[in-house]
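Peer 1: I have a structure I would like to understand better, so I am pasting it below and will then ask my questions one at a time.
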Amino acid sequence: MQRRNFLRITGGGIIAAATLSTVGLSGCGTSMPSEAIDAWRGPAPEMATTDVRRWLLSYAILAPHSHNLQSWIVDLSTPNEILLRCDLKRLLPQTDPLSRQIMMSHGTFLELLDLAAKERGMRADITLFPEGAFGPGRPDTRPVARIRLTPDAQVQKDPLFTQVLLRHTNRSAYDLSRPVPVAAWQAMAEATKPYALRFGQVGLERADLLAVHRKIATEAWRIELTTPRTIMESFDVLRVGSSEIAQHRDGLSLLDAKVVLLNRLGMFDRSKAPAPDDYATTSQIKDFGQKIDSTPGFFWMVTQGNDRVTQVNAGRAYARVQLAATAQGLAMQPLSQALQEYPEQRRPYADIHALVDATPRSETVQMWARVGYAPAASPAPRRRLQDFIRV
Ligand SMILES: Cc1cc2nc3c(=O)[nH]c(=O)nc-3n(C[C@H](O)[C@H](O)[C@H](O)COP(=O)(O)O)c2cc1C
């Protein structure tokens, strides 16, 4: 029996793939609903003349966020001010037990907000954790940031703003024959300059090092997929097919025709983790391996210390790096698994820290990502602007 002709379904079922391909898949909910990606058209023209904060926020909500959770809540009750809080229902306690990536994802939001403010000739004075920073555990209800907005003729526009509507995380195979140009690496490194961190990169000229990066990323991915509670965390925010995506407008979108059909047939069981040898697991490991093998470059960002302000600022730096790469026509995908602090990742965590010369205990690899040229990626869903505004 040729294994690839069969799909093993989560929960143990098996179905012939050939059967699926002969079933009509049209109208099966395999396209991205337009309302879910409406935000990528930018603010409606009439917003330019209303409360400027809503215009700025229309850009900020396009920030990258781990698992696309969009854990941002804003309070607009004080004029000319935005108070940013973390939505405590949108955390990833299994894969991000310290909420480090959640804090980075607030940093990306703040960076885009700041770029948008500059575009409108406004100075955004951002005070992080105005009522004190969260401890090393979970965030709480205290604000992540207070942003005061003041018109300021001295403020200069930042060219990275022009990339905000074009930036997308790209999870496809990259073009291994096209190295990342030196000038592009320089532009990415330059983009991090406002923040205190070390930017490093490796490209095709170091095949030996690339091989080690690929090995660590692949192993960390395998661990994530075969650890039941971490894969279940992804399943919980997996949106399969158009109607689930339109309903939630967040999380991880899956529009693969076969999976959408299986889901419709009630054969994609997301109530329990697939076994390590299930096709659902092995096919994803294989697919990820092919994409990693197609990657011509990796970069990393290392900070001294790992407090909450450092994490937020690392997110701000990451947003700038990705915008700078977008301006160079480059695709990017973070590889967070080996950076995650749950016990099963201890080995890949140590390996990636050692590989990029991060001093144990005093330095933290905040971001590790693959970079290269690739076909354009589709935009990821965003909720409506009003969904983020609580007051
Ligand atoms: C801190 C952080 C960690 C992330 N880690 C991953 C990752 O490990 N793998 C991945 O494919 N995307 C990762 N992403 C990208 C998000 O999944 C992505 O931003 C989100 O799905 C929204 O898509 P967009 O970036 O195209 O707007 C990460 C983003 C951030 C900010």
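Peer 1: Looking at (1) near the ligand (Cβ under 10 Å from one of its atoms); (2) assigned to a loop (DSSP other than H, G, I, E, B); (3) in contact with a Pro (Cβ under 6 Å, 6 or more places away or on another chain), find the lone condition where Glu341 falls short.
Peer 2: Glu341 satisfies all of (1) near the ligand (Cβ under 10 Å from one of its atoms); (2) assigned to a loop (DSSP other than H, G, I, E, B); (3) in contact with a Pro (Cβ under 6 Å, 6 or more places away or on another chain) except (1).
Peer 1: Quick one: how many residues across the range 40-69 are farther than 23 Å from Asp236 by Cβ and either away from the ligand (no atom under 16 Å from the Cβ) or buried (at least 17 other Cβ atoms within 10 Å of the Cβ) (or both)?
Peer 2: Total meeting the criteria: 20.
Peer 1: Here is a further query. Which of (1) aliphatic (A, V, I, L, M); (2) within 12 Å of the ligand (Cβ to nearest atom); (3) in a helix (DSSP H, G or I) does Ala324 not meet, given it meets every other one?
Peer 2: With (1) aliphatic (A, V, I, L, M); (2) within 12 Å of the ligand (Cβ to nearest atom); (3) in a helix (DSSP H, G or I) applied to Ala324, the lone miss is (2).
Peer 1: So which residues in the range 134-151 are within 20 Å of Gln70 (Cα to Cα) and modelled with pLDDT of 95 or more?
Peer 2: Phe134, Pro139, Asp140, Thr141, Arg142, Pro143, Val144, Ala145, Arg146, Ile147 - these are the residues of the range 134-151 that are within 20 Å of Gln70 (Cα to Cα) and modelled with pLDDT of 95 or more.
Peer 1: Would it be correct to say that Arg214 is in contact (Cβ under 8 Å) with a residue 40 or more places away in the chain, of a type in the set (D, E, K, R) and under 20 Å from Tyr373 (Cα atoms)?
Peer 2: So Arg214 fits the description; yes.
Peer 1: Just give me the residues in the range 258-281 being under 23 Å from the mean Cα position of the chain (by Cα) and modelled with pLDDT of 90 or more, in sequence order.
Peer 2: Val259, Val260, Arg270, Ala273, Thr281
Peer 1: Here is a follow-up. Among residues belonging to the range 366-391 that are within 12 Å of the ligand (Cβ to nearest atom) and outside any loop (DSSP other than H, G, I, E, B), point out the one that is surrounded by the fewest Cβ atoms within 10 Å (Cβ to Cβ).
Peer 2: Ala369
Peer 1: Let me ask something else. Considering each of Leu84, Leu149, Leu112 in turn, give the residue that is within 14 Å of the ligand (Cβ to nearest atom) and either part of a loop (DSSP other than H, G, I, E, B) or touching a helix residue (DSSP H, G or I) at 6+ places or on another chain (Cβ under 7 Å) (or both). Show your work before the answer.
Peer 2: Values: Leu84 fails: within 14 Å of the ligand (Cβ to nearest atom); Leu149 fails: within 14 Å of the ligand (Cβ to nearest atom).
On inspection, the qualifying residue turns out to be Leu112.
The values are calculated or read from the model by the stated rules, or taken from the named source; none is laboratory data. Source: prediction; values computed, not measured. Glycine gets a Cβ as well: all are built from the backbone with ideal geometry, and neighbour counts include every protein chain shown.
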